[in-house]
Amino acid sequence: MTNHLLALRDRQVLWHPCTQMKDHETFPIIPIKQGQGVWLEDFEGNRYLDAISSWWVNLFGHANPIINQALKDQLDTLEHVIFAGFSHEAAILLAEKLVEVTPDGLKRCFLADNGSAAVEVALKMSFHYWRNLGQINKTKFITLENSYHGETIGALAVGNVALYKQTYAPLLMEVISVPSPDCYACETGETWYDYSVRQFAFMEQALQEHAEHVCAVIVEPLVQCAGNMRMYDPIYLTLLREACDRYQVHLIADEVAVGFGRTGTLFACEQANISPDFMCLSKGLTGGYLPLSAVMTTDQVYQAFYADYQTMSAFLHSHSYTGNALACRAGVTTLAIFEQQQVLAHNHHLAQAMRKVAACFQEHPNVAEVRQTGMILAIELVKNKYSRQVFPWQERRGYRVYQQALAQGVLLRPLGNVIYFMPPYVITEEELALLAKVTWQSLVLAVKD
Ligand code: PMP
């Protein structure tokens, strides 16, 4: 089987996500035969370094022997069982572990099967909580500009990236949108801390005006990932937690992308020393193996639904694959790896190595900023470094970087013109150096003419 043949067959029957399919007339899709560690290999033996962890899900490498073994064992025992009225060991173990490792106060785990579904669950649960308490005026959500929370209708509504949202605007519930603490916009000489504090004034004002009608504020802690990897200081989350308490509004931390060590701590909220009312988890939860998500919440929320059947106050949200046994086993094994292999300490070291290899980009005339939070590093590509004038989007400079890098065996997937590294945690320093070298060469070619 050749790449070419498979790509042709693919084009006959498949429709890929986040893709203008016509692009594949001239730039064929790449069929992958196998993966090993940070490497993917196609049907002709070409290898690609997966620098974006296959959409931020993979933590410990492709075909990880520990997760593989755990899944083989699980497969011989139980693949799946209805999760209403029934349970199984992997789900129980996973929930116990998540309660242990997430911030204090998060004592309940509700399972779903992808990040968007987790966001939907958190939104509905928050709304329903207030309703069960008789607070029927609370129907709205506050969200940050430039945020992304998924692409199902509810999750899309609380997100704010125009590219994904604009077309569907007439279908979406209205939300209260507040300027982001995104520190790319801070003044010269102003610290991230100061800028994040300054931007919090908008949130305070929105809460003051609307709290009576607001169920929850939803944020991506520390990094707005799909919104071009824009970053802010933990102080914003500290202030937000305090304000949500003061105004009696829930705080939903969407850690779908930043959870499981991406920002340096197991969860980003830890850096602000806060505990949200809901925490959405997915992506790295299964080490990048299987679709699964979890919404962690408090006993207080749980108790508002816990009553005699006749009160009709139960939370009736279900997906067929809720609590899938294979996915839960992958989750349990992923969390065991964190415990057994001192992953966070290792990541600290890797993050420093990543900073070092990417330092040179700061000097490039088309780079406005190199920013980093833990294991996420972003390079902001612009037409003019000093004015920060952007390249016209029609020129697709980021896409050119993507094409150039693939030709040199590296899978990057820039967000617009923002190139980023978000590699699996098993990447070596040599591979990081290779990644930086290929990215540099690709960037140089992509900004020519
Ligand atoms: N929330 C955040 C912060 C995300 O980054 C994403 C996915 N990129 C989602 C939610 C949606 O997750 P999924 O793609 O699994 O639906």
On the first, second and third principal axes, largest extent first, how far apart are the outermost C-alpha atoms of the stretch 249-368 in Å?
66, 35, 27
Report the residue, chosen from 23, 233, 42, that carries the largest GNM mean-square fluctuation when the chain is represented by alpha-carbon nodes joined by springs under 10 Å.
23
Using only the alpha carbons of the stretch 1-59, what is the convex hull's orientation-averaged projected area in square nanometres?
4.5
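Do any chymotrypsin sites (Phe, Trp or Tyr not before Pro) in the stretch 49-100 lie in a loop, going by DSSP, with at most 11 other beta-carbon atoms within 10 Å of their beta carbon, and if so which? Could the numbers behind the result be given before it?
Details: sites: 55, 56, 60, 83, 86; in loops: 60, 83, 86.
Passing both the DSSP loop test and the Cβ count: 86.
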Looking at the stretch 386-449, which trypsin sites (Lys or Arg not before Pro) are in a loop (DSSP not H, G, I, E or B) and have at most 13 other Cβ atoms within 10 Å?
388, 448
Residues in the stretch 240-260 reached by a label modelled at residue 345 [backbone nitrogen below 20 Å; 7 Å Cα→Cβ]
260
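I'd like to compare 7-20, 197-210: which one has the highest average count of other Cβ atoms within 10 Å, and what's the full order after that?
Details: 7-20: 10.6, 197-210: 16.2.
Going by the mean number of other Cβ atoms within 10 Å, highest first, we get 197-210, 7-20.
At a Förster radius of 51 Å, what calculated FRET efficiency corresponds to the Cβ-Cβ distance of residue 191 and residue 312, to the nearest 0.05?
Working: r = 51 Å, r/R0 = 1.00.
It comes out at approximately 0.50.
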Between the stretch 327-371 and the stretch 118-190, how many Å separate their Cα centres?
28
Please list the radius of gyration and Dmax for the chain, considering alpha-carbon atoms only, with Å as the unit.
22.0, 70
Can you give me the three principal axis dimensions of the stretch 303-407 from its C-alpha atoms, in Å, biggest first?
66, 39, 30
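May I ask you to compute the full-extension gain from residue 92 to residue 165, defined as 0.36 nm times their residue separation minus their alpha-carbon distance, rounded to one decimal in nm?
Numbers: separation 73, 0.36 × 73 = 26.28 nm, distance 3.65 nm.
Taking residue 92 through residue 165 to full extension adds about 22.6 nm, to one decimal.
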Part-to-part distance (alpha-carbon centres) for the stretch 42-80 and the stretch 207-278, which is given in Å:
30
Restricting to DSSP H runs of at least four residues, report the calculated mean residue ellipticity at 222 nm for the chain, -39500 (n - 2.57) per run over all residues, nearest 500 deg cm²/dmol.
-11500 deg cm²/dmol
What distance in nm lies between label points placed 7 Å from Cα along the C-beta direction at residue 124 and residue 430?
5.0
Which whole-percent values make up P(r) of the stretch 48-170 when all C-alpha to C-alpha distances are grouped in 5 Å steps starting at zero?
2, 8, 11, 14, 19, 17, 13, 9, 5, 2, 0
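Every read-out reported here was derived from the displayed coordinates using simple, explicitly stated rules and does not represent laboratory data. Not measured: the values here are computed from a predicted model. Here the Cβ is made from the backbone with ideal geometry for all residues, glycine too, and neighbour counts use every protein chain on show.
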